[in-house]
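Report on the structure given below.
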Amino acid sequence: MISPDLRAALLDRLARVPPERREALRRTLGDKRGVMAPLSTGQERLWFLSAFDPEDTSYHVPWCVWLRGPVRPELLAGAFTRIAARHEVLRARFRMTGAGPRQFILPPGPVTLERRELLGDPAVVVDAFVNRPFDLEMEPPWRVALLRVVDDHMLLCIVLHHIAADGWALDVLMRELAECYAAAVERREPELPELAMPYTAFAAWERERDVGSAVTFLAERLAGTPYLDLPADHARPSRWTGRGAAVRFQVAGETVRGLERFSRRERCTPFMVLMAAFQATLGRAAGQEDFCVGVPVAGRAKAEYAPMIGSFANTLAVRADLSGIPGPGELVRRVRKTVIEAMTRADTPYEKVIAALRLPRDLSRLPLCQAMFALQNTPQNDMLRPSIGDLTAEFYPGPGSRYTKAEVAVQMWPLGDGLSGILDYSADLFEASSMRALADQFTATIATFTHPE
C-alpha cells in the first residue's frame, strides 16, 4: 500500500525523468500509444507499487497446466489472441502522464506464445517465468509460454499481473481458452458471453462514484489500530521488500465437520470461524488483543462484471477484538459482527480507507493490515478444466512467487473432505521453522472451535 506522502514523492521522482528519455519513449511509442483511459483505484495502487519496486512479483497471478495430446501451438496462440481482443485490459500499457498514471489500450494484435524445450525438472524454468518482472509501461500485463517435453506432452504457463486480472479473472481466462481452442480445432466460432462494458468503463465509474459515507464509517472503526507485531527471527529491514517464502498445511476432514457444526450452532459461516481461529493464533503469538487482518474479496457485486477479465478484487480490513480473553463462541460472535459490517461495504476501495486514516509513514511495514486471510469457496482445482479441446489438462502447482503481500498471509481451500492451506510469510522477518510452528498453532486452534465451550 502506498501512503499519500510516498505517492507524492514517487510522482515527483517520475516527473524528474530526463527530457531525452521521455522523448525517446515518445518516439518508441509512435502512433501505437493507444487510447488513454483512467485507472481504477486498485490499479493505481498496484501501478505505484510496481513503479516503486519493479522487481516485486508478489502481484503476479500464475497458472500452469500439463497438456497431453496433439497440441497445436498456433491454435493456442490464436485462442489467446482472440481473448485479448475481447478484453481490452490485456492490451493495456500503464504510463505516467501529466494528469497522473493512465492506461493506454492498444488495438488488438497477435499474442506471442513463448516457446522453449523443457529438460528435467520444470520448477527452475517455471520459477524464472513466473518471477520475471513485467515492464508495465512497454509490454502487456500478461504472458504465456508453452514448454515442450515431447510432442504430445507440454506445459502451458500463464502469468498475469494483478493490475489487469484477479483470481476470478483467471477462471474466466481458462474458461474462454478452453472454448476458443476447442472452436479452433472444430473449425467453428467460439460461444462466449457478451460483455456489457469494457474494463475501462468500470474504472471510470469506480473513480467517480461517491463512497464518502462508507469510507467515513470504516475509518472511524479502524482508527488507532496498532501494528501486528509478531516476534521476528530477524531485525526488521528499514524498507519493506516483500521477499517471501511459504509453508503448507492441512486440516483433517473430521475437524472440518466439527467446524461446520460449530458454525451452524453459532449462526455464522465457516469463514468467520476460521477467521476467529486465525485472529486467536496471531493474538497469542504477538501478545496482542487489537490488530487488523486483511481479507480479499471479489469486488464483482454486479452480474455484468462476472464474464469480464480485469482487476476487481478489493481488500477488507477486519479488526480483531481479543480483549477479555474471549472463548471460541464469544470470539466468533465478535468476528461475525465485524465481518458483516465490512462485507456490507465490500465495494469501498481499500485505498480510500487507507487515505482517510492518514497513517504515519513507515516504509518498513505495510499500512493497517500486516496479516491477510482468504478462504476459497471451491476447490483450487475447479479452476482447471479437465480438457482443453481435444487435450487433457492437469494442474501443475509450480513454485509460486518469491514474494508475499503481507508479513503473514494464509489462503485456504477445500481438498477432499478437509481443507488445504498455504501460509506465505516475510522471509526478511521469519524463519521457516517459526512459520511452521505458527501454522501448527493455527490448525490446533481450529480444532478448539469444533467443540462446545
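Between Ile340 and Leu119, what is the label-point separation in nm under the 7 Å Cα-to-beta-carbon projection?
Going from the Leu119 label point to the Ile340 one covers 6.2 nm.
Which is farthest toward the positive dipole end of the chain among Ile422, Gly299, Val211, measuring Cα position about the Cα centre, with Cβ charges +1 (Lys, Arg) and -1 (Asp, Glu)?
Val211
Express the accessible area of the chain per residue in Å², computed with a 1.4 Å probe while the remaining protein chains stay in the model. Numbers along the way, then the final one.
Working: 20450 Å² over 453 residues.
Solvent-accessible surface per residue comes out at 45 Å².
Net charge near Gln411: determine it from the other residues with C-beta under 12 Å of the C-beta of Gln411, scoring Lys and Arg +1 and Asp and Glu -1.
+1
Going 7 Å from the Cα of Thr448 toward and past its Cβ, which residues in region 319-335 have a backbone nitrogen under 14 Å from where you end up?
Residues 322-332 fall inside that zone.
What label, among [x] -0.33, -0.68; [y] -0.37, -0.78; [z] -0.48, -0.81, belongs to log10 I(q)/I(0) by the Debye sum over Cα atoms at q = 0.07, 0.10 Å⁻¹ computed from the structure on display?
Read-out taken from this structure: [y].
What's the magnitude of the charge dipole for region 159-301 around its Cα centre, counting Lys and Arg as +1 and Asp and Glu as -1 at the beta-carbon? Answer in Debye, nearest 20.
That gives region 159-301 a dipole magnitude of about 500 debye.
Taking the dipole about the Cα centre of the chain, with the C-beta of Lys and Arg at +1 and of Asp and Glu at -1, give me whichever of His87, Leu357, Leu118 is farthest to the positive side.
Leu357
Carbon and sulfur together cover what percent of the accessible area of region 159-238 at a 1.4 Å probe radius?
Carbon with sulfur: 51 percent of the solvent-accessible area.
Measure off, as a whole percent, the carbon and sulfur share of the 1.4 Å-probe accessible area of region 251-405, all protein chains present.
52 percent
With label points built 7 Å along Cα→Cβ from the Cα atoms of Ile325 and Arg436, find their separation and express it in nm.
With each label placed 7 Å out from Cα toward Cβ, I get 3.1 nm.
Of all DSSP beta bridges in the chain, what percent run antiparallel (nearest 5)? Before the final figure, lay out each step's value.
Working: 58 of 70 bridges.
Bridges in the chain that DSSP calls antiparallel: roughly 85 percent.
Tell me the mean residue ellipticity at 222 nm calculated for the chain from its helices only (DSSP H runs of n ≥ 4, each -39500 (n - 2.57), averaged over every residue, nearest 500).
That calculation yields -12000 deg cm²/dmol at 222 nm.
Starting from 0.36 nm per residue, how many nanometres of slack lie between Met36 and Glu194 once their C-alpha separation is accounted for?
Numbers: separation 158, 0.36 × 158 = 56.88 nm, distance 2.35 nm.
Residue separation times 0.36 nm, minus the Cα-Cα distance, leaves 54.5 nm.
Determine, for each peptide in 62-68, 186-192, the mean count of other beta carbons within 10 angstrom over its residues, then list the peptides with the highest first.
Per-residue mean Cβ counts within 10 Å order the peptides as 62-68, 186-192.
Please name which of Trp413, Gln43, Ala317 has its Cα lying farthest along the dipole of the chain towards the positive end, using unit charges on Cβ (Lys, Arg +1; Asp, Glu -1) and the Cα centre as origin.
Gln43
Which aspartates and glutamates have a Cα less than 18 Å from the Cα of Lys302, not counting those fewer than 8 places away in the same chain?
Straight-line reach from Lys302, under 18 Å: Asp166, Asp171, Glu194, Glu206, Glu208, Asp210, Asp347.
Tell me, in nm to one decimal, what length is gained between Arg239 and Ala99 on full extension, where the rule is 0.36 nm per residue of separation less the Cα-Cα distance?
47.6 nm
Might you report the magnitude of the Cβ-based charge dipole of the chain about its Cα centre, with Lys and Arg at +1 and Asp and Glu at -1, to the nearest 20 debye?
Details: 55 positive and 56 negative charges, 176 e Å.
The dipole of the chain has a size of about 840 debye.
Once every Cα of region 40-101 carries one equal point scatterer and solvent is ignored, give the base-10 log of I(q)/I(0) from the Debye formula at q = 0.16 Å⁻¹, two decimals.
-0.78
Multiplying the sequence separation of Ala303 and Arg264 by 0.36 nm and subtracting their Cα-Cα distance, what value in nm do you get?
Here the segment from Ala303 to Arg264 would lengthen by 11.2 nm.
The values are calculated or read from the model by the stated rules, or taken from the named source; none is laboratory data. All of these numbers come straight from a predicted model, not from anything done at the bench. Reconstructed Cβ throughout: ideal geometry from the backbone, glycine too, with neighbour counts over all protein chains shown. Please note that ligands, DNA and RNA were not included when accessible areas were found on the heavy atoms of the full protein model with its side chains. Shrake-Rupley method; radii C 1.70, N 1.55, O 1.52, S 1.80 Å.
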